[in-house]
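K.L.:
Below is a structure I'd like to ask you about.
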Amino acid sequence: MLCGERGEAGLDLCRACRHDLPVIDCACLRCAIPLPASHRHHGLCGPCQRQPPAFERCLAPFAYQAPLDHLLQDLKFNRRLALARTLGQLMAQWLAGQAPPLPGRLMPVPLHPARLRERGFNQSLELARPIARRLGLPLDIHGCQRLRNTPPQAGLSARQRHGNLKGAFGVKGTMAGHVAIIDDVMTTGDTVQELARTLRKAGAERVDVWVCARAGSV
Ligand SMILES: [Zn+2]
Ligand SMILES: [Zn+2]
């Protein structure tokens, strides 16, 4: 996947490249933002202490740094779909090791139909497939829809960002139980927060977020 060497352990990635991936050593227990090792016993980042997010817990194996940032951009914008299989497998292996409370369903962040037509696939769904297989969890791809095709959050003020996503998602019928949202990267967290709020309002009892990479640091 990176250097062209043979992959190992059923992955499209050689041992050396795998060891070079930017794993997160110490993260906020709520939002997974990388924390300095000195915070290890503290647990929560400042923003989560002040105002806990709408989701229960975000889990992220990797920091959004080289080469993960390039890989995720390549997947999304250059349609390197094969990357999703490997990155999803890496997420699944890591999650299995973390042994988190397992949700009743996985919900990839839905794309608006216009965006889906343009891109040809939903990267979150493609990442979710290997996770669903490995952990034996059902994928929910119809229970929630993207109702509005919102512009990217980057470059907007905090106020604009909030308004931008209001009513972005709609649940068909009702939700129940424990849901894990799957996304490629979490940056501001606005999108998954809005989706988590929508799912909770529709009846989900607990919402977690599982992403491939977490951007930002404290
Ligand atoms: Zn390699
Ligand atoms: Zn946090």
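K.L.:
From Gly120, Gly88, Gly104, Gly136, grab the single residue that is small (Gly, Ala, Ser), buried (at least 16 other Cβ atoms within 10 Å of the Cβ) and more than 21 Å from Leu13 (Cβ to Cβ). Don't jump to the end; show me each part of the working.
P.N.:
Values: Gly120 fails: buried (at least 16 other Cβ atoms within 10 Å of the Cβ); Gly88 fails: more than 21 Å from Leu13 (Cβ to Cβ); Gly136 fails: buried (at least 16 other Cβ atoms within 10 Å of the Cβ).
Residue meeting the stated conditions: Gly104.
K.L.:
Could you tell me whether Gly189 is surrounded by 13 or more Cβ atoms within 10 Å (Cβ to Cβ), in contact with a Cys (Cβ under 9 Å, 6 or more places away or on another chain) and modelled with pLDDT under 95?
P.N.:
Working: surrounded by 13 or more Cβ atoms within 10 Å (Cβ to Cβ): yes; in contact with a Cys (Cβ under 9 Å, 6 or more places away or on another chain): yes; modelled with pLDDT under 95: yes.
So Gly189 passes the test.
K.L.:
Additional query: If we scan the stretch 94-115, do we find a residue that is touching a Ser or Thr at 6+ places or on another chain (Cβ under 6 Å) and either within 24 Å of Asp25 (Cα to Cα) or not small (Gly, Ala, Ser) (or both)? Break it down into steps so the answer makes sense when it comes.
P.N.:
To start, the set of residues in the stretch 94-115 that are touching a Ser or Thr at 6+ places or on another chain (Cβ under 6 Å) comprises 108-109.
Still in the running and either within 24 Å of Asp25 (Cα to Cα) or not small (Gly, Ala, Ser) (or both): 108-109.
Yes, because at least one residue in the stretch 94-115 is touching a Ser or Thr at 6+ places or on another chain (Cβ under 6 Å) and either within 24 Å of Asp25 (Cα to Cα) or not small (Gly, Ala, Ser) (or both).
K.L.:
What is the number of the single condition among (1) surrounded by 15 or more Cβ atoms within 10 Å (Cβ to Cβ); (2) touching a residue at least 40 places away in the same chain (Cβ under 8 Å); (3) within 15 Å of Ile182 (Cα to Cα) that Leu111 does not meet?
P.N.:
Of (1) surrounded by 15 or more Cβ atoms within 10 Å (Cβ to Cβ); (2) touching a residue at least 40 places away in the same chain (Cβ under 8 Å); (3) within 15 Å of Ile182 (Cα to Cα), only one is false for Leu111: (2).
K.L.:
So Asp12 ticks every box in (1) surrounded by 16 or more Cβ atoms within 10 Å (Cβ to Cβ); (2) within 16 Å of ligand 2 (Cβ to nearest atom); (3) of a type outside the set (A, V, I, L, M); (4) modelled with pLDDT under 95 but one. Which box is left unticked?
P.N.:
The failed condition is (2).
K.L.:
May I pose another question? Can you tell me which residue is farthest from ligand 1 (Cβ to nearest atom) among those in the stretch 15-25 that are in a loop (DSSP other than H, G, I, E, B) and surrounded by 14 or more Cβ atoms within 10 Å (Cβ to Cβ)?
P.N.:
We begin by selecting, within the stretch 15-25, every residue in a loop (DSSP other than H, G, I, E, B); these are 21-22, 24-25.
With surrounded by 14 or more Cβ atoms within 10 Å (Cβ to Cβ) added as a condition, the list becomes 21-22, 24.
Values: Leu21: 10, Pro22: 15, Ile24: 21 Å.
Among those residues, the one meeting the criterion is Ile24.
K.L.:
Next question. Glu5 fails exactly one of the following numbered conditions: (1) without any contact (Cβ under 8 Å) to a residue 40 or more places away in the chain; (2) within 16 Å of ligand 1 (Cβ to nearest atom); (3) surrounded by 12 or more Cβ atoms within 10 Å (Cβ to Cβ); (4) in a helix (DSSP H, G or I). What is the number of that condition?
P.N.:
Evaluating Glu5 over (1) without any contact (Cβ under 8 Å) to a residue 40 or more places away in the chain; (2) within 16 Å of ligand 1 (Cβ to nearest atom); (3) surrounded by 12 or more Cβ atoms within 10 Å (Cβ to Cβ); (4) in a helix (DSSP H, G or I) leaves (4) as the failure.
K.L.:
Then there's this: Within the group Cys48, Cys58, Cys28, which residue is more than 16 Å from ligand 1 (Cβ to nearest atom), touching a helix residue (DSSP H, G or I) at 6+ places or on another chain (Cβ under 6 Å) and closer than 22 Å to Val207 by Cα? Talk me through it step by step, then tell me what you get.
P.N.:
Details: Cys48 fails: touching a helix residue (DSSP H, G or I) at 6+ places or on another chain (Cβ under 6 Å); Cys58 fails: touching a helix residue (DSSP H, G or I) at 6+ places or on another chain (Cβ under 6 Å).
Being more than 16 Å from ligand 1 (Cβ to nearest atom), touching a helix residue (DSSP H, G or I) at 6+ places or on another chain (Cβ under 6 Å) and closer than 22 Å to Val207 by Cα holds for just one of Cys48, Cys58, Cys28, which is Cys28.
K.L.:
Further, regarding this structure: What pairs come out if I take residues in the stretch 27-39 that are under 12 Å from Arg214 (Cα atoms) and touching a residue at least 40 places away in the same chain (Cβ under 8 Å) and pair them with residues that are within 6 Å of ligand 2 (Cβ to nearest atom) and assigned to a helix (DSSP H, G or I) whose C-beta lies under 7 Å away, six or more apart or interchain?
P.N.:
Here the result reads Cys28/Cys48; Cys31/Cys48, each pair linking the stretch 27-39 to a residue that is within 6 Å of ligand 2 (Cβ to nearest atom) and assigned to a helix (DSSP H, G or I).
K.L.:
Looking only at the stretch 56-70, count every residue that is more than 14 Å from ligand 2 (Cβ to nearest atom) and touching a Cys at 6+ places or on another chain (Cβ under 9 Å) and tell me the total.
P.N.:
Residues flagged as more than 14 Å from ligand 2 (Cβ to nearest atom) and touching a Cys at 6+ places or on another chain (Cβ under 9 Å) within the stretch 56-70 amount to 5.
K.L.:
If you don't mind, there's one more thing I want to ask. Does the stretch 155-169 hold any residues that are closer than 26 Å to Leu106 by Cα and surrounded by fewer than 12 Cβ atoms within 10 Å (Cβ to Cβ), and which are they?
P.N.:
Residues of the stretch 155-169 that are closer than 26 Å to Leu106 by Cα, as a first pass: 161-162, 164-169.
Selection gives Lys166, Gly167.
K.L.:
While we're looking at this one, here's another question. Return the total of residues in the stretch 36-55 being surrounded by fewer than 19 Cβ atoms within 10 Å (Cβ to Cβ) and either in a loop (DSSP other than H, G, I, E, B) or more than 13 Å from ligand 2 (Cβ to nearest atom) (or both). Give the steps one after another, and end with the answer.
P.N.:
Here is the first cut: in the stretch 36-55, the ones surrounded by fewer than 19 Cβ atoms within 10 Å (Cβ to Cβ) are 36-44, 46-52, 54.
Now drop any that are not either in a loop (DSSP other than H, G, I, E, B) or more than 13 Å from ligand 2 (Cβ to nearest atom) (or both), which leaves 36-38, 40-44, 51-52, 54.
Here the count works out to 11.
The values are calculated or read from the model by the stated rules, or taken from the named source; none is laboratory data. Fair warning: this is a prediction, and the values are worked out from it, not measured in the lab. Methodologically, a virtual Cβ is constructed for each residue, glycine included, from the backbone with ideal geometry; neighbour enumeration extends over all protein chains shown.
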